[in-house]
Amino acid sequence: MEWIKFFVSIILAAVIGAVVALVTQPIIAEKSLIKTEKWTIKQKACLEALDLADAMLSNYSYENVKEGEIIKEEVKTVDVRRCYNKLACSCNNEEILILFKKIFFDKVTIDIIVDLRNAVRRELDFGTAIDEDRERAYFGRLFCDPVLSNRPKND
């Protein structure tokens, strides 16, 4: 008789475990999906912020950079506003927001892009900085760019 009680309790525990698993599995899957979607929104906003920051930095003048050494990109106010809103709603840390506003409102040096890139890496949990080269932080123009009319000839 004892073994029947023991057997019933094991079966009952297994059934309860299976029911709990069936009920909680969709909840866990939904939470995981929501987390992934939030991260994707944040990733897109961060990469858009880098693109807009690059474009904005191309329009400034810098000491030791001759006119024409940086190909200027168009920046639209509405795009900057939209991107900032996405960042403000999706980032967990204010570091990216501070750097983004600094690029658009303050006098900065072009190597600030290194700080923004590394802030994005931290925000997206990609780890620590991997590129801290401030001397070659920004691709102003390349000799092979079709926009340039005075490309060096390859002899």
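The values are calculated or read from the model by the stated rules, or taken from the named source; none is laboratory data. What you see is a predicted model; the values in this text were computed from it and never measured. Counting neighbours? That spans all protein chains shown, and the Cβs are built from the backbone with ideal geometry, glycine included.
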Exercise. Which of the residues belonging to the stretch 123-140 are surrounded by 15 or more Cβ atoms within 10 Å (Cβ to Cβ) and of a type in the set (D, E, K, R)?
Worked result: Glu123
Seminar exercise, completed: The correct count of residues that are without any contact (Cβ under 8 Å) to a residue 12 or more places away in the chain and either on the phi > 0 side of the Ramachandran plot or not acidic (Asp, Glu) (or both) in the stretch 47-66 is 3
Problem set entry | Elements of type helices (runs of 4 or more DSSP H) in the stretch 67-153, at least 2 residues being without any contact (Cβ under 8 Å) to a residue 12 or more places away in the chain | 77-90, 95-105
Problem set entry | Residue that is of a type in the set (Phe, Trp, Tyr) and either modelled with pLDDT of 95 or more or at positive phi (or both), where the choices are Phe126, Phe139, Phe143, Phe105 | Phe105
